[in-house]
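I have placed the structure first, in the form of structure tokens, so that the comments after it can refer back to it.
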Amino acid sequence: MSLLSERVLNMSTSATLAMAAKTRELKAQGKDIIGLSLGEPDFNTPDYIKDAAIQAINENYNSYSPVDGYVELKEAIINKFKRDNNLTYTLPQIVVSTGAKQALANVASVLLNKGDEVILPCPYWVSYEDIVELFEGVPVEVKTSIDNDFKMTPEQLEAAITPKTKMIWYSSPCNPSGSLYSTEELRALADVLQKYPDIYVVSDEIYEHINFTENGHASMAQFDDMYDRTVTVNGVSKAFAMTGWRIGFIGAPEKIARACTKMQGQITSGANCIAQRATITALNESPSRVKFMIDEFKIRRDLVLNLLSEVEGFQNNTPEGAFYVFPNVSYYFGKTLKGKKINNATDFSLFLLEEALVATVTGDAFGNPDCIRISYAASQEQIIEAIKRIKEALS
Ligand code: PMP
Ligand code: GLU
């Protein structure tokens, strides 16, 4: 009998976290690696949020919180959904978790039975596939193309639906492509779903505020006919530079929210109490207080695209949100660079790590083996130096 369960043996290690660990290890060995692999803002958490946490510590917030989160936080989340997304939720529809990652795992655990299919438009965020498989669901990948800005069309959605389809999961803004679904595009997908009233949608909106367009953010739950079968996932990691604080949340049909609370109550209990108190302040304050970070990400987006346009063999879309570019690098497949045969995006990403000392993530991890992901949550100086090194290594 093997020591470890088949469950964990069959699971892949998170490629983003693995690359971050590798970067840390190489840096510790004294190598001058530029880390563009992790989706983590390089800003400090704003002072007004840190102050709220310090106050919470001094006010002795040190006990278990309710499993689904403090009522004051759930109220702040309800106000945020109303203010930013025009979505109306009530207290029993909100669950606060240890990051959006746990929120997603909760949802999969309470909705999936063995063999249920989950449609994942590719590229998708690295953990979707493994979370679905962990709960015995079957990921159904829908390949999108750079020509359609990596977005799933209504025709593709319809073709992927089978009697076993339980859910569709996507992120918008998308990690890793930076693509956004507009209200019209979501409506067109929702129109397809009208024929399939048992299919649920998990709409991961964690990059909501990191949006470079004038059109604003669109949520699937905004449509009356989708509201009762959409789980809206969000959190404070990205826009508020709070990745390590670990707070995410859902707005969901009450039955699903209650089931998530039941599941979480057996696995982790309520999220960290100090981080929850700080999140009340983060959400109650106007999102305009973090706009300086979004403005900087936009400058970096333009900088990266501009610099990459001069690198041979990189084909880019124009990301409208998040902080990633996802260039197609298949031009290099089959070529030998500095004595190394490049067969796929994983080889290419490793080549960049070893020869350019720049950490990226292979597109394989996101269900697209032709691309690599470059995070521009790094300073402009680092971005300029990284792309200079990439260019030199490839020349
Ligand atoms: N969804 C997406 C699309 C992400 O990029 C991330 C980043 N880790 C998460 C969910 C999870 O975020 P967290 O657990 O930090 O809230
Ligand atoms: N979401 C980030 C990323 O994609 C953080 C890493 C992770 O949670 O896997 O890089």
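The values are calculated or read from the model by the stated rules, or taken from the named source; none is laboratory data. Values in this document were obtained by computation on a predicted structure and should not be read as measured data. Heads up, the Cβs are rebuilt from the backbone with ideal geometry, glycines too, and the neighbour counts pull from every protein chain shown.
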Sole residue being of a type in the set (A, V, I, L, M), away from ligand 2 (no atom under 16 Å from the Cβ), in contact with an Asp or Glu (Cβ under 9 Å, 6 or more places away or on another chain) and in contact (Cβ under 8 Å) with a residue 40 or more places away in the chain, chosen from Ile280, Ile256, Ile250, Ile274: Ile280
Some residue of the stretch 359-369 being over 20 Å from the mean Cα position of the chain (by Cα), among the aromatic types (Phe, Trp, Tyr) and modelled with pLDDT of 95 or more: no
Residue within the stretch 111-125 that is under 18 Å from Ala271 (Cβ atoms), surrounded by fewer than 18 Cβ atoms within 10 Å (Cβ to Cβ) and more than 16 Å from ligand 2 (Cβ to nearest atom) present: no
Helices (runs of 4 or more DSSP H) enclosed by the stretch 254-361 - at least 2 residues per element that are out of contact with any Cys (no Cβ under 9 Å at 6 or more places or on another chain) and of a type in the set (Val, Ile, Thr): 254-267, 273-284, 291-308
Pair list, Cβ < 8 Å and 6+ apart or interchain, from the stretch 354-365 residues that are touching a residue at least 24 places away in the same chain (Cβ under 8 Å) to residues that are assigned to a helix (DSSP H, G or I) and among the charged types (D, E, K, R): Ala356/Arg389; Ala356/Glu392; Leu357/Arg389; Val358/Arg389; Ala359/Lys22
Candidate set: the stretch 39-67, residues that are within 16 Å of ligand 1 (Cβ to nearest atom) and touching a strand residue (DSSP E or B) at 6+ places or on another chain (Cβ under 9 Å); chosen: the one nearest to Ala322 (Cα to Cα): Gly39
Subset of the stretch 176-186 (residues that are assigned to a loop (DSSP other than H, G, I, E, B) and of a type outside the set (Phe, Trp, Tyr)): Pro176, Ser177, Gly178, Ser179, Leu180, Ser182
Verdict on Ile280 being crowded, with 16+ Cβ neighbours inside 10 Å, within 28 Å of Gly321 (Cα to Cα) and in contact with a Leu (Cβ under 6 Å, 6 or more places away or on another chain): yes
Cross-chain or 6+ apart pairs with Cβ under 7 Å, the stretch 291-304 first and within 17 Å of Glu40 (Cβ to Cβ), then modelled with pLDDT of 95 or more and in a helix (DSSP H, G or I): Arg300/Gln380; Arg300/Ile383; Val304/Ile383
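Results for (1) β-branched (Val, Ile, Thr); (2) more than 21 Å from the chain's Cα centre (by Cα); (3) modelled with pLDDT of 95 or more, shown as yes or no for each residue.
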| position | (1), (2), (3) |
| --- | --- |
| Asp130 | no, no, yes |
| Glu136 | no, yes, yes |
| Asn148 | no, no, no |
| Met152 | no, no, yes |
| Pro163 | no, yes, yes |
| Ser182 | no, no, yes |
| Ile199 | yes, yes, yes |
From the options Thr45, Thr23, residue that is part of a helix (DSSP H, G or I), of a type in the set (S, T, N, Q) and touching a residue at least 12 places away in the same chain (Cβ under 8 Å): Thr23
Yes/no for Leu180 being over 30 Å from Val290 (Cβ atoms) and out of contact with any Leu (no Cβ under 6 Å at 6 or more places or on another chain): no
Boolean, Val202 is within 14 Å of ligand 1 (Cβ to nearest atom), in a strand (DSSP E or B) and closer than 30 Å to Ile54 by Cβ: no
Residue list for the stretch 168-187, restricted to those being more than 16 Å from Asn234 (Cβ to Cβ) and either crowded, with 24+ Cβ neighbours inside 10 Å or touching a His at 6+ places or on another chain (Cβ under 7 Å) (or both): Ile168, Pro176, Ser177, Gly178, Ser179
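Just to check your reading of the model, which residue among Gln222, Gln264 is away from ligand 2 (no atom under 16 Å from the Cβ), under 20 Å from Glu320 (Cβ atoms) and touching a residue at least 12 places away in the same chain (Cβ under 8 Å)?
Every option except Gln222 fails the conditions.
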Odd one out for Ile33 among (1) among the β-branched types (Val, Ile, Thr); (2) within 15 Å of ligand 1 (Cβ to nearest atom); (3) more than 30 Å from Asp198 (Cβ to Cβ): (2)
Residue in the stretch 373-380 that is more than 21 Å from Pro123 (Cβ to Cβ), more than 16 Å from ligand 1 (Cβ to nearest atom) and not small (Gly, Ala, Ser) present: yes
